[in-house]
Amino acid sequence: MSVQSVTLHNGRKMPLVGLGSWQVTSPEECKDSIRAALDAGYRHIDTAFAYQNEAFIGEVLQEYFKAGKLKREDLFVTTKLWITYHERERVSKCIDESLKNLQLDYVDMYLIHVPVSMRETGKRMGLYPVDENNKPAFSEVPLVETWKGMEQVARAGKAKSIGVSNFNMKQVELICKSAEIKPATNQVECHLYLQQEKLFRFLKERGITLTAYSPFGSPARPANLQKEGAPRVLDDPVAKELATKYKRSVGQIHLRYLVQRGIIVIPKSTNPGRIQENLKVFDFNLSSSEMSKLASQDKKLRFFDGQEFNTHPNYPFGEPL
Ligand SMILES: NC(=O)c1ccc[n+]([C@@H]2O[C@H](COP(=O)([O-])OP(=O)(O)OC[C@H]3O[C@@H](n4cnc5c(N)ncnc54)[C@H](OP(=O)(O)O)[C@@H]3O)[C@@H](O)[C@H]2O)c1
């Protein structure tokens, strides 16, 4: 199976399909899914400091390197800077932790996970630090400061490419104005019901790729992100019809639509069959009328709206819809 790649502005190649790993925190489940993905031909893995699974991924990578089944240079690993490390001098601390966990000397892509910074208080609610009144412990590190820290880790060779995640156009523009190294990608929620065409075009004009997270609309997202009565992306009737026509799964139609637009996708699965299936999207084409029909299914429906950050000055996430 040959997996197509996009060429980033710095000439590096990023495979168009990668394996997502959010909410995969059980060590065995995580390791088995990474093995299944590598065996199926995946060479791109998406993780984050916050996912708490980097160490399990690192173990499997070592296993494959030692067995001669995989070379470091054939692999594309993305991880992300956590929210409490946004100060310029703390960026390298976070990536050092990630590299230690992953047992790697460098990652291929390092992203600012969210455009919101927080301070450690020693007290948490869920993932996020809270103050003495149980309110989110926000801090206001300017995004350009964080970007300078990102550039430092890139110059130090700890990240081959750097980018952002959950940034809107204004925030991307702000970074680009003072950047010495431009972001290579913006990883955002993107699927049939949130197609991000405007953001995609804006990024493309600046030589920045778009990576689609939750390409299936994250059907297993946590309860606080469920929206009462919201349609399920995987139930879309047009995609279902095309799945029948092409004798493909509905998931493959969703992924094909995105990669055919030139968007990088990082579907998460821990099921070996679906892991394999999600990579097999390079041996068929949707016609231009089918692409248009799918384009017209956009509902501008955002599941990850960053509500938990709604009192931070960098709220809201993404473009106003
Ligand atoms: N930067 C960010 O802030 C951010 C936010 C969210 C996600 N992400 C990244 O993006 C990745 C993907 O997003 P996501 O995990 O939210 O959701 P997703 O990839 O849209 O959906 C994953 C869900 O779909 C199921 N699934 C996988 N393949 C399928 C197929 N072919 N047909 C039907 N169902 C299928 C999976 O179940 P099984 O496992 O049982 O197959 C899982 O429940 C994450 O894992 C993470 O790496 C980044």
**Prompt:** Based on the alpha-carbon gyration tensor of region 134-178, what equivalent-ellipsoid semi-axes (square roots of 5 times the eigenvalues) come out, in whole Å, largest first?
**Reply:** 21, 15, 10
**Request:** Report the full-extension gain for the segment THR121 to SER292: residue separation times 0.36 nm, less the Cα-Cα distance, to one decimal in nm.
**Result:** 56.6 nm
**Request:** Scan around ILE112 for amide H atoms under 5 Å from its own, H built in the peptide plane at 1.01 Å from N, and keep only partners 5 or more places away or cross-chain.
**Result:** LEU81, GLY163, VAL164, SER165
**³J(HN,Hα), Karplus 6.51/-1.76/1.60, whole Hz, each residue of region 259-268, x for Gly, Pro** = 5, 5, 6, x, 9, 7, 10, 10, x, 9
**Request:** Taking 7 Å along the Cα-to-C-beta vector as the label spot, tell me the GLU63-SER26 distance in nanometres, rounded to one decimal.
**Result:** 1.5 nm
**Request:** Grab the Cα-Cα distance for PHE284 and LYS299, subtract it from 0.36 nm times how many residues apart they are, and report the gain in nm with one decimal.
**Result:** 2.8 nm
**Complete:** Checked region 186-273 against the a/c 1.5 cut and the a/b vs b/c comparison, axes a ≥ b ≥ c from its Cα gyration tensor; verdict oblate
**Request:** Assuming 0.692 mPa s and 37 °C, estimate D for the chain with Stokes-Einstein, Rh taken as the Kirkwood radius over Cα pairs, in µm²/s.
**Result:** 164 µm²/s
**Complete:** The extension gain from ALA220 to VAL238, computed as 0.36 nm times the residue separation minus the Cα-Cα distance, is 4.3 nm
**Asked** Under 5 Å between amide H atoms, partner at least 5 residues away or on a different chain: which partners does LEU19 have, H built in plane at 1.01 Å?
**Response** HIS44, ILE45, ASP46
**Request:** Quick one: work out the % antiparallel among DSSP beta bridges in the chain, nearest 5.
**Result:** 25 percent
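We did not get these values from a lab; they are worked out from the coordinates using the rules stated. All of these numbers come straight from a predicted model, not from anything done at the bench. Cβ atoms come from the backbone with ideal geometry, glycine included; neighbour counts cover every protein chain shown.
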